[in-house]
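**Q** This is the structure I have questions about; it appears just below.
The values are calculated or read from the model by the stated rules, or taken from the named source; none is laboratory data. Note that the structure is a prediction, hence the values are computed from the model and not measured. With ideal geometry, Cβ positions are generated from the backbone for all residues, glycine too; neighbour counts draw on all protein chains shown.
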Amino acid sequence: MGGLIEITLGIMTAVGGFVDISELVFAAQAGSRFGYALIWVFAFATLGIAVFGEMSGRVAAVAKQPVFNLMRQRLDFGLGLFTLIASVVVCVITCAAEIGGVALMLKLLTGAPYSLLAVLSALALVTVIWVLPFKWIERVFGLLGLLMLVFAVATVNIHPPWHEVARGFIPQAPAGLPAKDLVVFAYFGVAIVSAVLFPYEVYFYSSGGIEEQWGPKDLNINRLTTIVGFGLGSLLALAILINAAVLFRPLHIDPQMPGTAALQAAIPFGRTGLLLALAGMVFAISGAAVETGLSAAYATAQFFGWDWGRYKKPRDAPRFTIAWLATFAVALAIVLTGVKPLQLVEWAVVSSIIVLPLTYLPLLLIANDPKYMGKHVNRRLTNSLGWPFYGLLSVAALAALPLYLLAHGGAL
Amino acid sequence: MKPDGPIKLLAELRDLQIVDKDDRICGICDDIELEGKPGGPLRIKALLVGPGAYEHRVPRWLFAVVRLVAGRSVTRVPWSSVETVTSRIRLKTTGEAQGLRQVEDRLAGWFGRLPFA
């Protein structure tokens, strides 16, 4: 029974922790600008994160190898070092976007100045990581992030045209779009793939598996968490997209501010819906800030062979602790320069997808290596999903920067 | 177990994590020192750990950056101190006995003075 509760909690935590500021922004904007036409991209990216998340958990459980140990062994030191630097930069930018997002939400709730709230948010997150046992941090942010379920309830309540929603799962580009809008559509597609597959999610998930000393007996739980947890989390993001298509698109509202999405719950449920949505977003985005801050530290510590671990006291992993403290400090400094959170979100998704192929290649290689994985090497199904997905991801990575520049970050 | 036959040095040793006899992380095997004479067999003399060992693995300009940020110290761990080589290199002794974990231990002392650390 205790085991069942643990599994349920783990899955719920994965659901609540799935949505971050980038998914929030791009899901709401995608629905408002293109209706249901980008649903298939969300579904496709969710399949990708389930495949690679499961693989990273399996490698952690069987080969006991965190992602950045693999980088050095499989990519060569120089390319591994490049990937490390790029990944840390991506994590810092993403962390800054999350801190900015939390500050924006709190500003909507309290009316206090944005910069002050950014400083207080960063300090609160650092204090929480320093003081609380990690299991608690993960559970608190993940479970309270489930307040965002109010978006899914709103979806049911506003009665979207379900047949059109279902049609959105078929790969498509809206017919009759001018070339300019097609570029924006393609940019949104790449950005959604990037937002769902953020590399920090894999660093964080696999490092957690190693710390919790997963073994082959945990492989079923790993599979369940990545498929069910990530799948349900993605449904939450889809609910935001559908709500935006129903509520914002007819009124030509472009929800560029993350807080605008909260109106989706306010329209059917009034003040209570608004508060639940904002609170859920604060906790979900705070959780993502914690994950990105720690992921930069994981990456660095694992690459250089320092003591690391979120279950360890700061004194037992001092260089790891300095690394996450520095990540939060730099991220906060970026926020305080006055750069808009939306701009940070765009930088995060574009830079992130460029790093993604380098993150997933060593994972694919080692998951196929019987010397490390024994009988738990990738099966045919995983490879037939993983390799083509990897190819498409590489194409998306090459296209990301040109599309960002051509689409002016979606501002066309 | 420790391989007694020929091993693929680069593939099987370099970049592996090193743990001590108490399973504490002690660094990464950044390079390997060999000994031997021309025409004779090569033997592993020591594992090299530390930023100084990156010198032959990265472009010169990058090593200059590494040296600036992390210094160029190298710790030599004698091959005789290695207990096993699997997906990790396990030592027969504590990391401290091999001159490893010095920075970690020094910082741990400072952190120990902070609340909740």
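**Q** Filter the stretch A:140-183 down to residues that are in a helix (DSSP H, G or I) and buried (at least 17 other Cβ atoms within 10 Å of the Cβ), then give me how many there are.
**A** Here the count works out to 17.
**Q** Hey, can you tell me all the residues within the stretch B:55-83 that are within 14 Å of chain A (Cβ to nearest Cβ) and touching a strand residue (DSSP E or B) at 6+ places or on another chain (Cβ under 8 Å)?
**A** Within the stretch B:55-83, B:H56, B:R57, B:V74, B:T75, B:V77 meet the criteria.
**Q** Identify the residue in the stretch A:365-392 that is surrounded by fewer than 21 Cβ atoms within 10 Å (Cβ to Cβ) and of a type in the set (A, V, I, L, M) and, among all such residues, is farthest from A:T46 (Cα to Cα).
**A** Restricting to residues being surrounded by fewer than 21 Cβ atoms within 10 Å (Cβ to Cβ) and of a type in the set (A, V, I, L, M), the top hit is A:M373.
**Q** Sticking with this one: Kindly evaluate A:P258 against the criterion of being at pLDDT below 90 and surrounded by fewer than 24 Cβ atoms within 10 Å (Cβ to Cβ).
**A** So A:P258 fails the test.
**Q** Whether any residue in the stretch A:346-366 is touching a Leu at 6+ places or on another chain (Cβ under 6 Å) and farther than 17 Å from A:S87 by Cα is what I want to check.
**A** So far as the stretch A:346-366 goes, yes, one or more of its residues are touching a Leu at 6+ places or on another chain (Cβ under 6 Å) and farther than 17 Å from A:S87 by Cα.
**Q** Right, here's the next one. Show the residue pairs that are 6+ apart or on different chains and have beta-carbon atoms under 7 Å apart, the first residue being within the stretch A:155-180 and among the acidic types (D, E), the second being outside any helix (DSSP H, G or I).
**A** Sorted first by the residue in the stretch A:155-180, then by its partner, the pairs are A:E164/A:Y36.
**Q** Being closer than 16 Å to A:W306 by Cα and more than 8 Å from chain A (Cβ to nearest Cβ) is the filter here; which residues of the stretch B:31-51 pass it?
**A** B:L48, B:G50, B:P51
**Q** While we're on this one: In the stretch B:75-85, which residue that is touching a residue at least 60 places away in the same chain (Cβ under 8 Å) and not aliphatic (A, V, I, L, M) is farthest from A:V67 (Cα to Cα)?
**A** B:E83
**Q** Within the stretch A:35-54, work out how many residues are farther than 17 Å from A:V355 by Cβ and in a helix (DSSP H, G or I).
**A** Residues meeting the conditions: 11.
**Q** Right, next: Of all residues in the stretch A:296-316 being under 26 Å from B:L48 (Cβ atoms) and among the hydroxyl-bearing types (S, T, Y), which is surrounded by the most Cβ atoms within 10 Å (Cβ to Cβ)?
**A** Top of the filtered list is A:Y298.
**Q** Could you please let me know if B:D31 is under 18 Å from the mean Cα position of the chain (by Cα), surrounded by fewer than 11 Cβ atoms within 10 Å (Cβ to Cβ) and modelled with pLDDT of 85 or more?
**A** no
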